[in-house]
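Remarks on the structure that follows.
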Amino acid sequence: MTVIRFLVTTACVGVLGGHVPESAAGCSIQLSIRNTGTKTISVRHSGVTTTESAVKSRGGTWRGLYSGGWYRHDGDNWVTVPAGRKVTDTFEATFGCQAKRRWRIHYSCDNQPYVDYYPSPTTWTSEQSPTIRIGRCK
């Protein structure tokens, strides 16, 4: 993926005389997940593609949070978020900062799996520091 992104960016620079359109540039997003519930949750950020947390850019496909570097340094498939706490890490998005995105968060508490979407299953956001609030586990 990095090679393709490099080639696309290089091609844009050559064709546009040094100007890279924002849609071809990446974006560092500070993604936070806040647990507003009363029980600890575990967020799945890598693993099987259909059950990992991911982001989708409008017109694109789902990309796992781990693929974008979110909590890649911890070496686990899960990120634990205690009740009342927030976790934050950088996600390196493949499109520009103004791209519309939808976030899909797979998590569990008490061995019960859940999926939440941000801002919703049908809407988009271009926030560069989104905080996704999860409060279902009480």
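The table that follows gives values for the structure above.
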| item | result |
| --- | --- |
| Matching residues in the range 106-126 - criterion: being touching a residue at least 40 places away in the same chain (Cβ under 8 Å) and under 15 Å from the mean Cα position of the chain (by Cα) | His106, Tyr107, Trp124 |
| Boolean, Phe91 is open to solvent by less than 50 Å² (accessible area, probe 1.4 Å), touching a strand residue (DSSP E or B) at 6+ places or on another chain (Cβ under 6 Å), aromatic (Phe, Trp, Tyr) and in contact (Cβ under 8 Å) with a residue 40 or more places away in the chain | yes |
| Flag for Arg136 being charged (D, E, K, R) and open to solvent by less than 20 Å² (accessible area, probe 1.4 Å) | no |
| Residues within the range 34-88 that are open to solvent by 50 Å² or more (accessible area, probe 1.4 Å), within 18 Å of Asn111 (Cβ to Cβ) and in contact (Cβ under 8 Å) with a residue 12 or more places away in the chain, tallied | 8 |
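The values are calculated or read from the model by the stated rules, or taken from the named source; none is laboratory data. For clarity, every value in this text was computed on a predicted model and none was experimentally measured. Positions of Cβ are backbone-derived with ideal geometry, glycine not excepted, and every protein chain shown enters the neighbour counts. Surface areas here come from the heavy atoms of the whole protein model, side chains and all, with no ligands, DNA or RNA. Shrake-Rupley method; radii C 1.70, N 1.55, O 1.52, S 1.80 Å.
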